[in-house]
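Colleague: Before I ask anything, here is the structure I am working with.
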C-alpha cells in the first residue's frame with residue numbers, strides 16, 4: 001500500500017514540479033525585467049552664469065546636477081481618484097494616495113503588497129544657487145519603451161499615469177496635474193471619462209509620444225530668484241481602470257527622465 005501511494009506521488013510530482021518550476025521562472029523573469037530600468041534620472045544643464053542644482057534632502061544638502069532615484073520594480077496596476085465615492089471602483093484598484101503625499105521626503109513608493117508596488121513616487125528640490133534670478137525650462141521625457149508584442153497597438157505608455165505636484169499642498173487642494181497619453185479613439189474616451197476620473201482641470205495629455213511634460217519658453221519657470229527653491233513630487237502608476245491596461249503589456253518597461261535647463 002505504501003509503495004502504491006509512493007508511485008502515485010512520483011507520477012504526480014513529474015507533472016506538478018515542472019509546472020511549478022515554469023511558473024517560478026516566469027515570475028522571476030518579470031522581477032528581473034522590472035529592475036532593468038534601475039533608476040529614474042533627473043539632470044541639470046546650466047548656461048553660463050547659472051548654477052541650478054537638485055537634491056532630495058529637506059536641508060538642501062547633497063546637491064548635484066544629476067539625481068538617480070532607484071526604481072524598485074515589480075509594479076502592479078492601481079488607480080487614484082480624489083473622491084472614491086464619485087465613481088464605482090473595484091476593490092483591487094481602490095488604493096488611494098495619502099492626502100499629504102507631497103509632504104513626504106525622498107523616495108516614498110506607496111502600498112507595497114506581495115513584494116510589488118502600486119505607485120512609484122519621490123520628492124526633490126530644484127535649487128537656484130546663482131547670483132541672479134534665472135529662467136528654468138523643464139522636460140519630462142519618455143526615453144524608451146520596451147515592448148513585448150510589436151503587432152499590438154497598445155503598450156505600457158498607454159496605461160501609465162504621471163502626476164506632478166509643485167510645493168507641498170494636500171491633494172485635496174487640487175493643485176496637482178496628472179498626465180496621460182491621448183486616447184486612441186472615441187470609444188475608449190467614453191469608457192474612461194477623464195472628467196469623472198480626475199477632474200477636467202487636473203488631467204492633461206502628454207506633450208508628445210516622447211515627452212510627457214514640456215515647460216519650455218513661456219511655459220517654463222520664469223524669474224526664479226537667487227537662493228529660491230521649487231519642490232516637486234512625482235507619482236507614477238499603471239492605471240488599472242484604463243481599458244489600455246491589459247495583459248499584453250505585462251513584461252513591458254518604460255524609461256523616463258527629467259531635464260532642467262537654466263538660462
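The values are calculated or read from the model by the stated rules, or taken from the named source; none is laboratory data. This is a predicted model, so every value here is computed, not measured. When we count neighbours, we look across all protein chains shown, and the Cβ atoms used for this are built from the backbone with ideal geometry, even at glycine.
Colleague: In the list 91, 99, which residue meets the criterion of being loosely packed, with under 15 Cβ neighbours inside 10 Å, modelled with pLDDT of 75 or more and out of contact with any strand residue (DSSP E or B) (no Cβ under 9 Å at 6 or more places or on another chain)?
Modeller: Among 91, 99, only 99 is loosely packed, with under 15 Cβ neighbours inside 10 Å, modelled with pLDDT of 75 or more and out of contact with any strand residue (DSSP E or B) (no Cβ under 9 Å at 6 or more places or on another chain).
Residue by residue, here is whether (1) at pLDDT below 80; (2) outside any helix (DSSP H, G or I) holds:
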residue	(1), (2)
172	no, no
218	no, no
227	no, yes
231	no, yes
242	yes, yes
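Colleague: Moving to a separate point now. Please specify each residue of the range 176-200 satisfying the condition of being surrounded by 14 or more Cβ atoms within 10 Å (Cβ to Cβ), modelled with pLDDT of 55 or more and closer than 30 Å to residue 126 by Cα.
Modeller: Result: 176, 177, 178, 179, 180, 181.
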